[in-house]
Each structure stands twice: as structure tokens, then as C-alpha cells.
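**Student:** First the structure, then my questions, so here it is.
The values are calculated or read from the model by the stated rules, or taken from the named source; none is laboratory data. Please read these numbers as outputs of a predicted model, since none were measured by experiment. A quick note on method: Cβ atoms are made from the backbone with ideal geometry, for glycine too, and the neighbour counts reach across all protein chains shown.
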Amino acid sequence: MPTGPCGINCDVCRLNVLGVCSSCGPGTSMEAQQKMAVQVRVLGAPCPILECAANRAIDYCLRDCEDFPCERFGAYPFSEGFLTMQERRRNEAEQKLDPTKGKIHVPPHYWEDLEKKDLTVLCQNALAQAFSSEDIVLPILGREILVDRKNHSLRHKNQGEWQPVSHSLLELLVLVYLLNVGPQLLSRELVSAQELKTAHFFQGPHELNVRGVLERFGGDLKGFRKAAESLGGEAQNLADAAFRIPAFPKVPLYYLLWEGDDEFEPRISVLFDRSIENHLSADAIWGLVALVSEALVKTPDLPF
């Protein structure tokens, strides 16, 4: 059941529909435990209402708790702070990861939040390497990207020197990955977007953006193989041509291409490791596919 202890039904919350916020579930549910773990990792503390309900083995405050209402609610739900959060996160989900809607904005607080993270834990979770006391090197698409936390910038190595990277979508996705990646390892179970918990997100305008790859390589398997290999891709025995492309260390994407002929049109599919939802929200997954698809088409002329 999607309703949280506070009484909000997640099915009618747009943040849940957009895939940027998961259901809390009843206080005694496994969903509640998982949601609190994410809140502690991302926000530093769990929701006090959810935590109280879980500790007291109460499913719903309004129905099950004799102490309701209590000070934990105050003006919540639908307080000024809640509405402000809704507006901010909706804008981020609908606009900032969608390169079709104009210039991508990277929220400054993402960099500020990244500065606060413990470097050792960050590198362990992200499978990155410490470059200095503040900076890390993150493998992306067969390349190394230096994440400069102090100066809020990305750099890539060009002729032996670290050069600035100017790519807003890449910057945003790197920050989202580093801020949300957890200790979970790959599950080795491959799933399509329709098999993810947030499958409803990948419809209409948010259908995976792979048309450019299909148009470029639908009749050129050799070119597809060359492009995928240039991004660190490893061949897979899954289609006429298929590659595991290391987008992030814990987030590989699997591109499967079937060549067209006189009878059938070429087809393409993208698969994910089931664990991707532990690290990225639906809009970030959508943005990552857009980034990798763009890289496949443009390689070797990439800005990073």
C-alpha cells in the first residue's frame, strides 16, 4: 500500500509519479525501513513521523496512534516548507535533466552537499579514487573525470593535463550519482525500463531517448561496435550487436541492437542492472540514457 504513516497517499503525489520520491509505506512495512535508510543516507536523518511510527509498530498515525495529533505534525502535511520542497523538486525533475527543454541548470546546493560528504565513504560507495584530500577521480564511459569539490567543476585529462569540462548534463548526472550512490553492489539481473519500479515514468516525453543511436547504427553494426568499444563497452551475446557500457562504476547500461533487413526494421533496446534504482531516480536514469546515446553517436568527438 502506498500510503505513509502521515496519511499522504503516494499514488496521488506527483513526486512519486515522476520517480524522484519512493513510497514510505505503512510504519510496520519493509518499505518504511528502506525509505528511512535512504533518508538517513541522503538527508542525514529520517522523517520523524515515519521513524516514530516504525518504532511504535504503527501503520498509520491517524488510525492507529492514540497520541495523534502530536508535535511531530505541527503544520505538516502541506506546510509552507512542504509546498516549497514540492515546487523545487518538481522543477528539478521535469526540467533540469531534460536537455530538450533548454539549458540545464545545476543546483549550487548539489556541490555544497557533495563537499560535506566523507571522502573515504564517498569513494568506497561510488567506486571512485581519491585524487587529493578533496578531489576524486570517477571512471565514466571509459574515461577518467576529475571531480573538483572545492572549485565545483569537472575536468578531464587531455594530453596529460586536466582540462575543464563544460557539459551541464554530465555535471548534473555526476553530482546526482555521487550524492545518492550507496554501498549496494550490482545484482547481475538485467531489466528493461518497463520492469523498474518507476516504469510509469518512462512514457510519452520520457520514453528512453535512443532514436539517434538507431538512426545512426541501425544499418551499421560495425560502426556501433566501434563506438561502443570507444566508450569502454564490453561485447555481450544478447543481440546482433550488444554492449555493456560503463556509464558509472555502479551503473552500466546495456545497449542491444538488431540490424534491419528487407523484412524487419532495425530495433534497439536498453537494459539496466536491477540495482540501478538504488542509486538513481527515474529522471536521472532517463538523463543518463540520453547522455550515453549522445556519446555513442558523437564519439570520438566528445567534450570530455
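**Student:** For region 171-182, does any single residue satisfy the condition of being assigned to a loop (DSSP other than H, G, I, E, B), farther than 16 Å from Phe304 by Cβ and in contact (Cβ under 8 Å) with a residue 24 or more places away in the chain?
**Tutor:** Yes, region 171-182 contains at least one residue that is assigned to a loop (DSSP other than H, G, I, E, B), farther than 16 Å from Phe304 by Cβ and in contact (Cβ under 8 Å) with a residue 24 or more places away in the chain.
**Student:** Please verify whether Leu231 is over 16 Å from the mean Cα position of the chain (by Cα) and aliphatic (A, V, I, L, M), treating the condition exactly as stated.
**Tutor:** Judged against the criteria, Leu231 is a match.
**Student:** What is the residue count in region 9-21 for residues that are surrounded by 19 or more Cβ atoms within 10 Å (Cβ to Cβ) and touching a residue at least 60 places away in the same chain (Cβ under 8 Å)?
**Tutor:** 4
**Student:** Report whether or not Gly223 is without any contact (Cβ under 8 Å) to a residue 12 or more places away in the chain and within 20 Å of Leu253 (Cβ to Cβ).
**Tutor:** Yes, satisfied.
**Student:** Another question, then. Considering Arg225, Arg244, which residue is touching a Phe, Trp or Tyr at 6+ places or on another chain (Cβ under 6 Å), at pLDDT 95 or above and not aliphatic (A, V, I, L, M)?
**Tutor:** Going through Arg225, Arg244 in turn, just one is touching a Phe, Trp or Tyr at 6+ places or on another chain (Cβ under 6 Å), at pLDDT 95 or above and not aliphatic (A, V, I, L, M): Arg244.
**Student:** Among Ala53, Ala32, which is the only one that is part of a helix (DSSP H, G or I), more than 27 Å from the chain's Cα centre (by Cα) and at pLDDT 85 or above?
**Tutor:** Ala53
**Student:** What number of residues in region 248-298 are surrounded by fewer than 22 Cβ atoms within 10 Å (Cβ to Cβ) and among the hydroxyl-bearing types (Ser, Thr, Tyr)?
**Tutor:** Of the residues in that region, 3 qualify.
**Student:** Filter region 203-228 down to residues that are aliphatic (A, V, I, L, M) and under 20 Å from the mean Cα position of the chain (by Cα) and give me whichever is surrounded by the fewest Cβ atoms within 10 Å (Cβ to Cβ).
**Tutor:** Among those residues, the one meeting the criterion is Leu208.
**Student:** Related question: Among (1) of a type in the set (Ser, Thr, Tyr); (2) buried (at least 18 other Cβ atoms within 10 Å of the Cβ); (3) farther than 19 Å from Ser281 by Cα, where does Thr198 come up short?
**Tutor:** (3)
**Student:** Moving on. Go through Asp67, Asp59 for me and flag whichever is outside any helix (DSSP H, G or I), of a type in the set (Asp, Glu) and at pLDDT 80 or above.
**Tutor:** Asp59
**Student:** Next question, about the same structure. Condition test on Lys103, is it assigned to a strand (DSSP E or B), at pLDDT below 95 and either surrounded by 12 or more Cβ atoms within 10 Å (Cβ to Cβ) or not aliphatic (A, V, I, L, M) (or both)?
**Tutor:** No.
**Student:** Oh, and also: Out of curiosity, is Ala247 in a helix (DSSP H, G or I), within 13 Å of the chain's Cα centre (by Cα) and in the same structural domain as Gln203 (by TED's automatic domain parsing)?
**Tutor:** no
**Student:** Within region 183-232, track down each residue that is under 21 Å from Gly260 (Cα atoms), assigned to a loop (DSSP other than H, G, I, E, B) and of a type in the set (A, V, I, L, M, F, W, C).
**Tutor:** Leu208, Val210
**Student:** Okay, moving on. Please indicate, with yes or no, whether at least one residue in region 164-174 is at pLDDT below 95 and hydroxyl-bearing (Ser, Thr, Tyr).
**Tutor:** Within region 164-174, one or more residues are at pLDDT below 95 and hydroxyl-bearing (Ser, Thr, Tyr).
**Student:** Could you tell me whether region 279-290 includes any residue that is of a type in the set (S, T, N, Q) and out of contact with any helix residue (DSSP H, G or I) (no Cβ under 8 Å at 6 or more places or on another chain)?
**Tutor:** There is no residue in region 279-290 that is of a type in the set (S, T, N, Q) and out of contact with any helix residue (DSSP H, G or I) (no Cβ under 8 Å at 6 or more places or on another chain).
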